[in-house]
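Taking it in order: structure first as structure tokens, then the write-up.
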């Protein structure tokens, strides 16, 4: 779970960086999107690298979900029913449950919508377009506030998921020793905040008229 999570974190950081190119204008954003399709060309067919990357990403997501379910089931079997709701564990249990489990469900639903909206252009609020820039700008217009709201909620869920996930992943990999905890806690928080803010800036900028 930690390894697949690390792959997803790296992807999120790269994807966030690409999204921020919307502030450089349509030519820069569309050029970036087109450039992704030419990575590895002509050694690979056009969009070949993207498909390899998508397969690795999909495999990581499936492994991550399977690992989460398996670990949850294992923990439930190992813990007697009488100890599942002790008061001293309530805060941690609530945080983990809602930001990781239910947050993960919200993120999964959002990923499906996000792909249909901005990748394959099946869902097209504001109008379909061959331009990735226009698809993004069209989809977050003020009249589609509910799309922006869904996006904001999902990104915040990603932030909480990252915060707890990075911390747990470091513990799983044996890095989270007592003397390093304050530093690692800060690293997890900073990465989560940067990714969250980075993903929120483009849609909110469109919704409030800063990008058009």
statement: Once normalised by the length of the chain, the mean sequence separation of its alpha carbon contacts under 8 Å that are 6 or more apart gives a contact order in percent of 27 percent
statement: In this structure, the FRET efficiency calculated for residue 122 and residue 179 from their beta-carbon separation, with R0 = 45 Å, to the nearest 0.05, is 0.35
- prompt: So how far, in whole Å, is the C-alpha centre of the stretch 1-70 from the one of the stretch 148-212?
  reply: 17 Å
statement: In degrees rounded to 10, the 0-90 angle between helix 145-172 Cα long axis and the longest Cα principal axis of the chain is 40 degrees
message: Per DSSP helix of 4 or more residues, -39500 (n - 2.57); summed, then divided by the residues of the chain. What does that give at 222 nm, rounded to the nearest 500?
response: -23000 deg cm²/dmol
message: What whole-number volume per residue, in cubic angstrom, does the convex hull of the C-alpha atoms of the chain give?
response: 150 Å³
message: What is the angle, in °, between the Cα long axis of helix 181-207 and the longest principal axis of the Cα atoms in the chain? Nearest 10 is fine, range 0 to 90.
response: 30 degrees
query: Which angle between 0 and 90 degrees, to the nearest 10, do you get for helix 103-114 versus the longest principal axis of the chain when only C-alpha atoms count?
result: 10 degrees
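The numbers here are math on the coordinates, done by the rules we state, and not lab data. Keep in mind it's a predicted model, so treat the numbers as computed, not measured. Cβ: placed from backbone, ideal geometry, glycine included. Neighbour counts: every protein chain shown.
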